[in-house]
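The values are calculated or read from the model by the stated rules, or taken from the named source; none is laboratory data. Model, not experiment: these values are computed from the prediction. Cβ: placed from backbone, ideal geometry, glycine included. Neighbour counts: every protein chain shown. To get the accessible areas, we keep the full protein, side chains included, count just its heavy atoms, and leave off ligands, DNA and RNA. Shrake-Rupley method; radii C 1.70, N 1.55, O 1.52, S 1.80 Å.
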Amino acid sequence: MSRSQRSRSAYYFFVRDRLPVLQQRGLPVARVVDGFPHLTQEWALLTVEERMFYAEKAQKWNEKKSLQKAAKEMLNNPVPAGVTTEVYRVTSLLDASAISWMSDQAVLADTFYFLNVYSHGKLPSHCDQRFLPCEIGCVKYSLQEGIMADFHHFIDSEVPPRGYRYHCQAASDATHKIPISGFHLSRTCYPVVIRELLQFAQPAKGAWPRFYCKSDDRFRISWCLERMASIAVIGVDSPLELLTVEDLVIKLYQKKYHKEPSKTWVSRELDVVLWDFSSNTRCEWHEENDILCCALASCKKIAYCISKSLAGVYGVSLTAAHLPPKDCVSNGNTNLRRVILDAGRFQESKARGSGSDRRIHSPSGVQELVPSSCDSPCDVKSFPFGTSTIRGRGITRWLESTPALSKSFSN
C-alpha cells in the first residue's frame, strides 16, 4: 500500500502545519515525513485541546478516504436496479393521498417497510450536519404474514462539529446510549448502509417500495438518508417514498369502517410501551445492555401495534410473526388495568352504581378506548377495575378507599 493510501495520524497534520516554519529555519524538509524528527518536543508540549484539534483533522481525513474506497468497491459489486452514480434527491415525502387499496385482499397482500434512523442528537440549524446517523433499523411487514424480515446496522457516523461533541454524546446517553467513539461493535459506512438497505427492500423494475415512519421522526430520517447517499456518492433515479405511519393506520381504519379516527388517537396507540421489554424486539446490543431506545425495536413495535389493532379487523389470526410469543398466546386480548392519576379528567360520581358495576367516567361521558385486536377507534368501551373505586386525586384517593392497604403503607 502506498503512503498516500495509508491512514494519517494527528501528528502528521501537526507537522504539516509547522512545515513552513521548519523550512524558514533552513532545515531540509521537502515533505511532511521529513519534519517528523524535528517536532517531537513541540508535540509533547501541546495541550489536550490542541492535540484534539489535530486528532479531529486526522479522523475526518481517514473517514473521507474510507468512504471513497468503499464507493469504488461498490462499482464492482451488483446493486439493485435503479441505482446510479449521480446524486439526486433520495427521498420523496408523500402525503396520505398516496395510500389506497382496491380491496381488503389488496390490504392483506401489501408490503410495508417501517424505517427508523437514530442520530447522535440534533444539531442547530446553522450547522451543515443537522444529524449524525448512528443506527438504522427497518422491518418488512404485511398484515397477512406479520414481520417477514428485518434490517439493522450500527452506522459509522461523521465526526461532530467542533464544540458539539459533548452535546452529541449527552443526547446519545439520554436515549440509545451508542457512544460516538470507542464502540466495540463494528460499524457500517454510509455507502454499504445505503446499498444494503436498497437490497433489503428489493425494488421491482419501475417501482420502489414505500417506507413508513412516525411523523415526528420523518425530518430526521429523510435528512439522514440524504446525507448518507450524498457522501456515499450514490443516488437513485426515482426517490424513495417516505410516508408517515399515522396516515397508514388512518387509511387502514378508513378502508374498513369508512370513517377516519383522530390522528391524536393513532399517535397515542403507536406510543405504547407494552412491548419495550418483549423478547426478540431490540437488537442484540441494546437487549444485552437493557437499553430501551433501539432503532430496530421502534420499527418492530409499530408492526406490533398495527397487528394488535387491525389483524382481527381484517380477519387475520395472530402468529409469532405478528406479536412477541407471549402476547401472541393471548391472541391480543390482554386486559390492561390502569390507575388514572388525572383528577381533572376522570371523576367518579358517588351516585352512580356500586360494587362491580362501577366504571371510570370522564366528565363528558366519553370513556377510554380499550386497545385490542378487534377494537376500532369508533368503538367506545370502558375499563372495569374490579370492586375498587378510583376518583378525585388519583392514587391518594385510591389508597384512601382501601384502608388495609393504606394502613400497611403508613406502617
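General remarks:
- Yes/no for Lys326 being outside any loop (DSSP other than H, G, I, E, B), open to solvent by 40 Å² or more (accessible area, probe 1.4 Å), in contact with a helix residue (DSSP H, G or I) (Cβ under 7 Å, 6 or more places away or on another chain) and touching a residue at least 24 places away in the same chain (Cβ under 8 Å): no
- Inside segment 243-271, residues that are part of a loop (DSSP other than H, G, I, E, B) and either touching a helix residue (DSSP H, G or I) at 6+ places or on another chain (Cβ under 6 Å) or on the phi > 0 side of the Ramachandran plot (or both) make up a count of 3.
- Selection within segment 22-51 - more than 25 Å from Arg162 (Cβ to Cβ), part of a loop (DSSP other than H, G, I, E, B) and open to solvent by less than 70 Å² (accessible area, probe 1.4 Å): Gly26, Leu27, Val29
- Checklist (1) open to solvent by 10 Å² or more (accessible area, probe 1.4 Å); (2) closer than 23 Å to Leu108 by Cβ; (3) without any contact (Cβ under 8 Å) to a residue 40 or more places away in the chain applied to Pro179, failing item: (2)
- A search for C-beta distances below 6 Å between a residue of segment 242-269 that is farther than 26 Å from Cys224 by Cβ and any residue that is in a loop (DSSP other than H, G, I, E, B) and open to solvent by 50 Å² or more (accessible area, probe 1.4 Å), counting only pairs 6+ apart in sequence or on different chains, returns Gln254/Glu260; Tyr257/Cys378.
- Condition met for Ser186 (surrounded by fewer than 18 Cβ atoms within 10 Å (Cβ to Cβ) and either among the polar types (S, T, N, Q) or within 13 Å of the chain's Cα centre (by Cα) (or both)): yes
- Residues (open to solvent by 10 Å² or more (accessible area, probe 1.4 Å) and either assigned to a loop (DSSP other than H, G, I, E, B) or closer than 22 Å to Ser222 by Cα (or both)) located in segment 132-148: Lys140, Gln144, Glu145
- Scan of segment 271-288 for residues that are at pLDDT 90 or above and out of contact with any strand residue (DSSP E or B) (no Cβ under 8 Å at 6 or more places or on another chain), ordered by number: Thr281, Arg282, Glu284, His286, Glu287, Glu288
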